[in-house]
Amino acid sequence: MNVLVTGGAGYVGSVVTDGLLRAGHRVLVVDNLQQGHRQAVPESADFVQADIADAGALDAAFGRMPIDAVMHMAGETVVEYSTTDPRRYFANNVVGGLNLLDVMLKHNVRRMVFSSSAAVYGEPLTAPIEEDHPRNPINSYGLTKLMFEQIMGWYGTAYGLRHVSFRYFNAAGATERLGEDHVPETHLIPNVLKAALGGKAVSVFGTDYPTKDGSCVRDYVHVLDIAAAHILALEKLDTIRPGAFNLGNGQGYSVLEVIEVASRVTGVSIPVTRAGRRAGDPAVLVASSGRARSELGWSPQHPGLEDIVASAWRRTSTR
Ligand code: UFG
């Protein structure tokens, strides 16, 4: 298939692009390079530098080749910033997404795989979380993802859009070539590995949560397993029930446990600074991915946290 990937120069997007190419698909990446990196886009992918807010540029991109499906991964992603700059999140994640949908319909493209987030659930009432758990986001980031899922639902009913939303839990890990390169880096695992390399302390944001050791608990899922889910979804998009799928391993690790695992993997005793809570963080997010397993045949190949951290460390320590 010919797949247009928005955000294909970003962390998850570049790994998905790589996976699509390996599976024999043709890929056109559209990325504004605000966070993404041109060199992260595999050479055999086509590339257009454009923002999803720019309808003219999108229109021209869709005119380059007949597109069979869109993977929409572009967007604002940092939970904390969404609590202080919600305007930017609504503009890019909702208005930008609507713009993309309009151009898709104009070009008669009616298949979409969307990068949603565990942030749609807010502070969960149960763990592990199933897809029908109430959605009560506690930050504007999660709300924008939920709004766009709902918009796609209506575009499905009214215009025949086939859609799947993946609610990523904590994407982590790396391939040999591709990994996390955000500026500034806000995510836990890259920051812990930087601390291991540079001998600096890593801040633990919040040690008074109602969890096993007071720090936040997250479900880390290898970026390669996320990419595999996208390829399965593309193959099954015309036959599966549209809607949302959680992607996680069903196992929660606290921030302090992640640091402990990273110390083992790197062989460095990583110093810790206890800091206050970060705005917008729920205490615990752990997925039930039963739906992805049963309906897509998804089966994570790298579920262990040590393997995930080790893959990121191999890339970090050799650069
Ligand atoms: N954390 C620290 N120190 C750091 C960085 C993070 O203690 O230097 C903590 C955070 O406070 C949080 C946990 O580590 O409790 C994980 O934080 P990340 O920034 O790595 O990831 P988030 O859970 O905030 O967010 C990620 C994605 C979101 C997604 C969410 C879903 O960035 O897009 O996972 O679980 F919504």
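Structure values in brief
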read-out	value
Residue within the stretch 143-166 that is within 11 Å of the ligand (Cβ to nearest atom) and over 19 Å from residue 91 (Cα atoms) present	no
Test for residue 291: is it within 16 Å of the ligand (Cβ to nearest atom), touching a strand residue (DSSP E or B) at 6+ places or on another chain (Cβ under 6 Å) and basic (Lys, Arg)	no
Matching residues in the stretch 8-30 - criterion: being more than 17 Å from residue 176 (Cα to Cα) and open to solvent by 10 Å² or more (accessible area, probe 1.4 Å)	23, 24, 25, 26
Out of 70, 94, 27, sole residue that is in contact with a Phe, Trp or Tyr (Cβ under 8 Å, 6 or more places away or on another chain) and among the hydrophobic types (A, V, I, L, M, F, W, C)	94
Residue check, residue 315 more than 11 Å from the ligand (Cβ to nearest atom) and free of Cβ contacts under 8 Å to residues at least 24 places away in the same chain	no
When residues of the stretch 176-192 are limited to those that are under 17 Å from residue 262 (Cα atoms) and in contact (Cβ under 8 Å) with a residue 40 or more places away in the chain, the one farthest from the ligand (Cβ to nearest atom)	179
Selection status of residue 123, of a type in the set (D, E, K, R) and either open to solvent by less than 40 Å² (accessible area, probe 1.4 Å) or within 15 Å of the ligand (Cβ to nearest atom) (or both)	yes
From the options 49, 39, 35, residue that is open to solvent by 20 Å² or more (accessible area, probe 1.4 Å), modelled with pLDDT under 95 and either of a type in the set (S, T, N, Q) or in the same structural domain as residue 238 (by TED's automatic domain parsing) (or both)	35
Test: residue 195 is more than 9 Å from the ligand (Cβ to nearest atom), open to solvent by less than 50 Å² (accessible area, probe 1.4 Å) and either part of a strand (DSSP E or B) or among the small types (Gly, Ala, Ser) (or both)	no
Filter result (free of Cβ contacts under 8 Å to residues at least 60 places away in the same chain, of a type in the set (A, V, I, L, M, F, W, C) and away from the ligand (no atom under 16 Å from the Cβ)) within the stretch 224-271	265
Check on residue 26, modelled with pLDDT of 95 or more, more than 19 Å from residue 114 (Cα to Cα) and of a type outside the set (Ser, Thr, Tyr)	no
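The values are calculated or read from the model by the stated rules, or taken from the named source; none is laboratory data. Computed from a predicted structure; not experimentally measured. Glycine also receives a Cβ, built like all others from the backbone with ideal geometry; neighbour counts cover every protein chain displayed. Heads up: the accessible areas ignore ligands, DNA and RNA and are worked out on the full protein's heavy atoms, side chains in. Shrake-Rupley method; radii C 1.70, N 1.55, O 1.52, S 1.80 Å.
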